[in-house]
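Input: a single structure, listed below in structure tokens.
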Amino acid sequence: MTSDASAAGEIRGALLRLRRATGLPVVFGGLVEPGGPRVRISELSGTTTRALSSLAVTSGNGLGGRAVALARPCAVTDYSSSPRISHEYDIPVAAEGLRSVLAVPVVVRRRVRGVLYGALRSAQPLGDRALCAAVAAARDVEQALVVHEEARALLSAAWPASCPDEPSGSAREQVREAHAALRALAPRITDPMLRAELLDACGLLAGGPAGGGAGLAPRELDVLACVAAGATNAAAGARLGLRPETVKGYLRSAMRKLGAHTRGEAVAAARRTGELP
């Protein structure tokens with residue numbers, strides 16, 4: 001499961017990008033609380049009061065609660081008078097002076113994880129541009145949370161296999177596959193603390209410091225980790241988001257630094273220096 005701090009950080013970044021892209025004066029949002037159908041508003045930009053801060057929005061209630069219950073975007077042109085929503089939150093919304101509001105759920109693996117809001121202080125339609133931008137921002141958060149969850153799952157799967165004093169062949173291969181997957185995933189992680197944790201884990205799985213002995217560059221080590229797990233150049237490129245020619249270039253450079261003449265020799269040398277498990 002993604003940590004709340006990481007998820008909140010992704011929502012914060014998405015809201016700031018949404019505000020810059022649309023010019024919306026107010027954006028805010030938050031996560032669904034663990035164990036309950038409520039969204040806690042924690043991230044706000046452009047607000048002038050504390051009326052919405054830490055507000056708990058229950059599924060089905062108000063605009064955001066409706067977006068959670070339906071798992072789809074919702075919008076109203078005049079919040080306080082709209083017949084399409086219930087009005088449990090009229091007082092804090094009015095205190096902030098909001099009229100036209102949209103709410104877009106963040107849905108990860110068919111479960112609503114949070115809500116992004118955008119708002120105007122005038123009763124006018126927000127338009128397709130604002131709604132599309134909000135949907136795109138929510139999709140960015142969804143993809144980031146999926147990546148984070150994949151990273152956590154890989155870390156959890158890797159540790160049991162790496163613990164035995166004399167790991168079996170299958171456990172060793174599991175560690176090597178987890179190491180390659182974590183290295184491929186790390187550049188996609190925007191949370192610097194989680195990215196550092198992943199790279200530290202890679203070093204521990206390899207039995208030495210990440211990027212140690214031969215002075216391999218991060219991308220050279222990424223490519224070599226994929227090769228060690230049995231990937232072709234094309235497969236390594238697909239996994240890392242690189243062209244096959246670029247993969248070849250990184251592999252040649254790694255081989256040169258390791259004093260190797262073949263891919264197999266390069267992998268063996270990197271294992272000896274503790275750069276690969």
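The values are calculated or read from the model by the stated rules, or taken from the named source; none is laboratory data. None of the values given here were measured: they were computed from a predicted structure. Here Cβ is always computed from backbone atoms with ideal geometry, including for glycine, and neighbour counts include all displayed protein chains.
Do the conditions hold for ARG109, that is, is it at pLDDT below 95 and within 23 Å of ALA144 (Cβ to Cβ)? Considered against the rule, which asks whether it is at pLDDT below 95 and within 23 Å of ALA144 (Cβ to Cβ), ARG109 comes out as yes. Only one entry of ARG66, ARG38 meets the criterion of being surrounded by 16 or more Cβ atoms within 10 Å (Cβ to Cβ), among the charged types (D, E, K, R) and at pLDDT 95 or above, and that entry is ARG66. In the set (1) assigned to a helix (DSSP H, G or I); (2) at pLDDT below 80; (3) buried (at least 19 other Cβ atoms within 10 Å of the Cβ), the condition left unmet by GLU197 is number (3).
Looking only at region 250-270, decide whether some residue is touching a residue at least 12 places away in the same chain (Cβ under 8 Å), surrounded by fewer than 17 Cβ atoms within 10 Å (Cβ to Cβ) and not in a helix (DSSP H, G or I). No; the residues of region 250-270 include none that is touching a residue at least 12 places away in the same chain (Cβ under 8 Å), surrounded by fewer than 17 Cβ atoms within 10 Å (Cβ to Cβ) and not in a helix (DSSP H, G or I). Reported count of residues in region 105-133, each being over 19 Å from SER6 (Cα atoms), in contact with a strand residue (DSSP E or B) (Cβ under 9 Å, 6 or more places away or on another chain), hydrophobic (A, V, I, L, M, F, W, C) and not in a loop (DSSP other than H, G, I, E, B), is 5. Of all residues in region 47-83, those satisfying the criterion of being polar (S, T, N, Q) and part of a loop (DSSP other than H, G, I, E, B) are THR47, THR48, THR49, SER53, SER54, SER59, ASN61, THR77, SER82. Among the residues of region 89-98, is any at pLDDT 95 or above and farther than 19 Å from THR48 by Cα? No, region 89-98 contains no residue that is at pLDDT 95 or above and farther than 19 Å from THR48 by Cα. Evaluate region 99-106: report whether one residue or more is of a type outside the set (S, T, N, Q), over 22 Å from THR48 (Cα atoms) and out of contact with any Leu (no Cβ under 6 Å at 6 or more places or on another chain). Scanning region 99-106 turns up at least one residue that is of a type outside the set (S, T, N, Q), over 22 Å from THR48 (Cα atoms) and out of contact with any Leu (no Cβ under 6 Å at 6 or more places or on another chain).
Residue check: GLY215 meets all listed conditions (1) at positive phi; (2) without any contact (Cβ under 8 Å) to a residue 40 or more places away in the chain; (3) touching a Lys or Arg at 6+ places or on another chain (Cβ under 7 Å) but one, namely (2). For region 92-144: of the residues being free of Cβ contacts under 8 Å to residues at least 12 places away in the same chain and among the hydrophobic types (A, V, I, L, M, F, W, C), which is farthest from GLY9 (Cα to Cα)? Restricting to residues being free of Cβ contacts under 8 Å to residues at least 12 places away in the same chain and among the hydrophobic types (A, V, I, L, M, F, W, C), the top hit is CYS132.
Summed over region 233-249, residues that are of a type outside the set (Gly, Ala, Ser) and not in a helix (DSSP H, G or I) total 2.
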